[in-house]
Structure formats: C-alpha cells, structure tokens
Amino acid sequence: MCSSDLGGVTRRFPMGILDKFTSLFAPRKTKVRVICVGLDNSGKSTVINYLKPKKSTSTEVVPTVGFSVEEFAKGNLGFTVFDMSGQGRYRNLWEHYYKDCGGIIFTIDSCDKIRMCVARDELLTLLNHADLKNVPIVFYANKMDLPTSLTPVECVQQLELDKITDKPWHIAASNALTGEGVDDGISWLGDQMARRQR
C-alpha cells in the first residue's frame, strides 16, 4: 500500500494502481523488427546474446539451426531480432524474413578471409531484394580481438560496401564476447530506424 496526505486526509492506494497510472505517462517503446544475418561462425548469436538483458543472457552460445527469435530493448525501441542461421543449407531462409524488416545486422567474421567472397555474394543477394529498399544495415566487423583479423576498412574493401548507395549503412569494429563495439552499432541502427518511423 502507498499513502498520500492531501489536506490532512490520508488516503491509501494499492501499489498496482500507481504502477498503472505511471505506465500511462511513461514513454512507449516503438517495436522494430530486425534480422541478423552473416555466415556461420561469424558471431551473430553472440552479438544478440550480448544485447539481451543480462538476466536472460546465455553462458554458452550454440550455433543457430534455422533461426531463433530474441527480444530486447534499447532506448525507446523494443527490438524483435530474427537470428538467422548462416550455414549454407539455411541461407535461402533469410529472404522469407525480409518483409516488414526495419533493420539488418550483418555480422562478419573478420578473421575468415577465405570466405569473405562468400559473404560478399550473400550480401549482394540481400541488397538486391525488393523488400529491403532503404533498410539500414549495421555491419559488425567481429572478432577484432584476434591478431589475424581484417580491419574495418579492409572489410569494407573486401565486401565492396562503398558501392552501397541506396540505403544507409555503418560498420562497427566489434568483439561480441566482451561487447566492445556492439552498443555503438546497435545505437546507430536504432537511430536510423527511429528516423524512418517519424
């Protein structure tokens, strides 16, 4: 119970009423739908795991089979993220989740130089899809802590990101295990999606 003193009269209210009253004036979170793609072992699920509330993070992240759905909030946005498997046999599923997509997280294994051309081909297919016009993309150049990693500039060159002119994009150097660079990337994506909602 909570009490208030109004002109010498004490009134008691159940706490639930105050919670409901407060929620009426609290800013509502805008819901956005995001897909997280990239080749297998690039760190997609680890990025998403870092972004989730600490009480719901997993201590052990396992490879995604098919896809999984995660939810978290950042700022005034409530994210629903479809974490898509990057294994070859599942990549054709990606396009089934493009409709109503507000943003894209594309995770790059910056140490996997051999498969950078495969990542570029998958990205090109994604960029040419009709459902993704003007949809912002954040690229995570992941595993930056490893000595063999490409720099973000080298990732831009390898994936030819400078040729993307029809949608906003941003690349963030990241280490999904520690979270370094992850908040920077999701903040940029959130800002871009918030602008589109206006």
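The values are calculated or read from the model by the stated rules, or taken from the named source; none is laboratory data. Since the model is a prediction, treat every value here as computed from it, not as a measurement. With ideal geometry, Cβ positions are generated from the backbone for all residues, glycine too; neighbour counts draw on all protein chains shown. Remember, those area values only see protein heavy atoms, side chains included, never the ligands or the DNA or RNA. Shrake-Rupley method; radii C 1.70, N 1.55, O 1.52, S 1.80 Å.
Every residue in segment 128-153 that is modelled with pLDDT under 95 and not in a loop (DSSP other than H, G, I, E, B), please. A130, D131, L132 - these are the residues of segment 128-153 that are modelled with pLDDT under 95 and not in a loop (DSSP other than H, G, I, E, B).
Name the residues in segment 146-178 that are surrounded by 15 or more Cβ atoms within 10 Å (Cβ to Cβ) and either closer than 18 Å to N41 by Cβ or small (G, A, S) (or both), would you? S149, L150, C155, Q158, L159, A172, A173, S174, N175, A176, L177, listed by residue number.
The set of residues from segment 95-113 being farther than 13 Å from N41 by Cα, surrounded by fewer than 21 Cβ atoms within 10 Å (Cβ to Cβ) and among the hydrophobic types (A, V, I, L, M, F, W, C) comprises just one member, C101.
Residues of segment 71-94 that are open to solvent by less than 20 Å² (accessible area, probe 1.4 Å), more than 19 Å from N128 (Cα to Cα) and of a type in the set (A, V, I, L, M): L77, V81. If we scan segment 184-195, do we find a residue that is of a type in the set (A, V, I, L, M), touching a residue at least 60 places away in the same chain (Cβ under 8 Å), in a loop (DSSP other than H, G, I, E, B) and surrounded by 18 or more Cβ atoms within 10 Å (Cβ to Cβ)? No, that holds for no residue.
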